[in-house]
Each structure stands twice: as C-alpha cells, then as structure tokens.
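Working notes, beginning with the structure itself.
Derivation of every value follows stated rules applied to the coordinates shown; laboratory data play no part. For clarity, every value in this text was computed on a predicted model and none was experimentally measured. Ideal geometry is used to build each Cβ from the backbone, glycine not excepted, and the neighbour counts take in all protein chains shown.
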Amino acid sequence: MGVTELSAEAAVVLAKFPGELRFEALTTLSPEAATALAGREGPLELPKLAVLPPSVAKALSGLKGGLVLPGVKELSAAAAEALAAHVGPLDLGVTELPDEAAAALAKHPGDIRLKSLKSLTSLKLAERLGQQEWVYIDGVSRLSPDIAKALCPPVNLEKFKGHVQFYVGLTELPADVAAAIIAGRRHISAYSLESISDEAAAAWSGTFANIRLFGLKSLSPAAGASLTKGTGIFDIRMFGPELSEETAAAIAKQIAAGSHRQIDFNGLKKLTSPDLAVAVISRYGQGPHSTLHGVAEITDDVAKALAEYKGKLNGLPSLTSLTSAPLAAKYAAQPGDLKFAKLTTISDDIAKALATHKGKLDLSGLHSLSPDAAKTLASHEGELKLDGVKEISDEAAKALAQATGMVSMGGLATAPPAALAALKANAKITLPARLK
C-alpha cells in the first residue's frame, strides 16, 4: 500500500483487512493509528518506518500477528521494553542494540529476527534467540564462545528434531566458536566467511550437518577433508574458479573413504583432478548439490578418467570445449537429455559421437556446421537444438535437411537460396519466421 500518511480513522478501516498488510511508503505512525492497526489478526509490515517511539511501540505490541519493521535501525530500551509485550513474530532492522535494550527485547515471547544486527554481546538476548528453531543474525560478524553457546544449546537438537537453522554473518570462526555452534545447530549458513581454519573445520567434521559457506574463497587440504567427512551438505556453490591439486586430492580421498557430505561445487570453472572429477560427477541423479553446472574447462586427464568410468555421469552443460570423442560417446550413451549448449565449435569426430545419442541433444551454442558434422547430426534420433547457428553452407544445409528428428534453428540469420530451400523442404526443421 503506497499511502504516505495514515490517520487513526483510516487505520481503523484498514485494520479490518484479513491478509498481510504492508505500507511501502509510510514513514511515520501516530500512537492512535498504531493502536487501530494493532487490533487486527494478520501480520503488519512497515518497511519505511525508521523511528519507533516508545508510545508507538507500546501500541503496536498489541498486534497478534507478525510485526516487520526493517527500517527501524535504532531501538531505545523503553521501546524494546514496550515491544516485549508483543506475542507474534518480530522482525527488526536494528543494527545496534545497547545491553539495556537487548535485555528488554529478550523478554519478547515470539520469534525474533535481527538480520541487520552488527554485534551481539548480550548474553540474555543470545539465550532468548537460542530458544528458537531458526536464528537470523546475518549481520553479526563475530561471536564469543559464550554467546555462541547461548545461541546454540545442544537441547535444541532433540527439541527441534535436528532441524535447527542458524544464519550468521561471521567473517572469522575460532575453533571454540565452531564447536559451540555445531553442538546445538546442524543447519549453518555463514555466507560472509571467506576462509576456515583447519581447527574450525575439524570441529564441524564427522557429524550430520548442512553447512553453507557461499563466500568461501580458500580451502586447505585438511579443512576440505574435514568438511567432507560426515553426512548432510557442504555447500560452497560460489567457490572457484578451481581447487588446488592438494585440496582436490584430499577431498577425493575422503569421498572414497565412505560416508561423506554432498559437496556443492557448482562454482568451479575448471577441473584438473581426475580423482575429484570422477568422485563428484559420478553422483548421478543425486540432486542439485551433486552437479557441476559451472565447469567450463577440463583437462585431458580428467576427460580420460570420466570416459573410462563404468557408471553414469552427471552432465557438464557449461563446457566450452569438448575434444575427447570417448567422453562424448560416453555421454551420448546415457539416457535422458544431453546438453552441451556452451560449445561454439565441435570437430567432426565429436559430432559423430554425439549423434549416437537417443534423446534431446542441445548444441545451441554452435555458430556453424561443417558438411560432415551436419550429415552426422542429421542421423540423430531425437530433437536437435542448433539455435546458435547463424549461417550455413549449401552443402551443410543439404546434409542437415535429411534429418528425421526435430531440428531447431531459431538463430539462423542468413543462408544461400539453395540452402534455405533445402531446409524448408523438411517440415521438422524449425527456422526463424523471417526466413520462412
């Protein structure tokens, strides 16, 4: 709702609205209007409200639903004391909380979100947050061991059946803090952590945990092995462009040892370790954390190892170069769709290998086709996507026109008259409207 002013009379009317009530532009609120809005049952969101006087906080505390105040960056002890009477979920945008205000807020009985808070030093507030299944302190960059223990009491694992979420903005992780966190919370999201010590990683090793470290930029061999060991997920989907040989070897060794976490390596751009490549890509059909959708380059050794692997492989849809015919044939033999949409060129022997695939084949990154490649691909049994081909010769068009499956050439920009006529003669070949 875009209103910039709200009278008490209008608030009485709007309070009757049964769903979520959001005032996108309202920057001030009188105690009278707040009292009227608090009489409703549903949630109330005031994203632009920046100042929360104690009188308005007291009025809003009567709200039975959730109260979302992301624009409130400062909170006095008196306002916090007033808000403590609110019983629903409370989402505040405060960046700092003096100890007195934090202690007052700790009396709030509902779930509290403090995603913008920069520092947490109040043991009382930490203990209060620790009672929740979900904790959001995304802006807090450092925790003392005592505060970490208060936020992550081990009793939570039984109380919430292990499903205890922890969102924190840590930029450093001492080993004792890591140990305190894992003792009571097994779903850990620390997106600002760029590195992790061997000791801290060891504290998170061996048990079930879903660990998400999207900001991680470095990973030692010992830390990599420790974070691989256990069950659950180790999600570093933004890590890249590649792993060191030593860390890759350590992770591959831990995976081969038995039970291990699913590691999300979708941020990797280059694979140089054959052992790691096989260990990761062989997790066929095991969900999004088992894929390598970002890898653009593999070494010859990696290609050889993958081609010789006896089981099924997850795809490498972002490869920009594929020169191994055995690997192309390996992928072509697998069921399901086959996507190499980032390849801009392929040799005739690669085209021959891929053409044996039975199913949808996406080569929409190719810019051109040789006559031999076109002839080979025409024999493909299934849909063929060639939407990146911009131009085609008469000979290549004549060969491709023999295709028995559907062929999409939506990006074709120009073709000689004879080539265009040959392509049009096959109703299964889709051309751009301007060329029809």
Fill in the blank from the handout: Non-local residues with an amide H under 5 Å from the amide H of R113, with H modelled 1.01 Å from N and Pro and chain starts lacking one, are L90, D91, L92
Practice task
Along Cα→Cβ, 7 Å out, is where each label goes; now give me the distance between the ones at T231 and T121 in nm to one decimal.
Solution key: 4.2
Completion exercise
For segment 1-45, shape from the Cα gyration tensor axes a ≥ b ≥ c, cut at a/c of 1.5 then a/b versus b/c, turns out oblate
Exercise for the section: Evaluate the charge dipole of the chain about its Cα centre and quote only its size in Debye, nearest 20, assuming +1 on the Cβ of each Lys and Arg and -1 on the Cβ of each Asp and Glu. Expected result: 1080
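Based on DSSP H runs of at least 4 residues, each adding -39500 (n - 2.57), what is the mean residue ellipticity at 222 nm of the chain after dividing by all its residues, to the nearest 500 deg cm²/dmol?
-9000 deg cm²/dmol
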Handout entry: Rounded if a/c under 1.5, otherwise prolate or oblate - segment 225-317, Cα gyration tensor axes
Key = rounded
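Cα gyration tensor of segment 272-392, axes a ≥ b ≥ c as square roots of the eigenvalues: rounded (a/c below 1.5), prolate (a/b > b/c) or oblate?
prolate
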Practice task
Can you grab the distance from the C-alpha centre of segment 1-60 to the C-alpha centre of segment 88-125, Å, no decimals?
Solution key: 21
Practice task
Among L420, S370, A397, flag the residue with its Cα farthest along the positive direction of the charge dipole of segment 320-436, charges on Cβ as +1 for Lys/Arg and -1 for Asp/Glu.
Solution key: L420
Practice task
Report P(r) for the chain: all Cα-Cα distances, bin width 10 Å, range 0 to the bin holding the largest distance, values in whole percent.
Solution key: 4, 18, 18, 16, 15, 15, 10, 3, 0
Completion exercise
Given pairs K217/K330; K217/K253; K64/K115; K304/K339; K48/K149 and cut-off 31 Å on Cα-Cα distance, the over-length ones are K217/K330; K48/K149
Handout entry: Amide proton proximity set for S195, modelled H, under 5 Å, gap of 5+
Key = K217
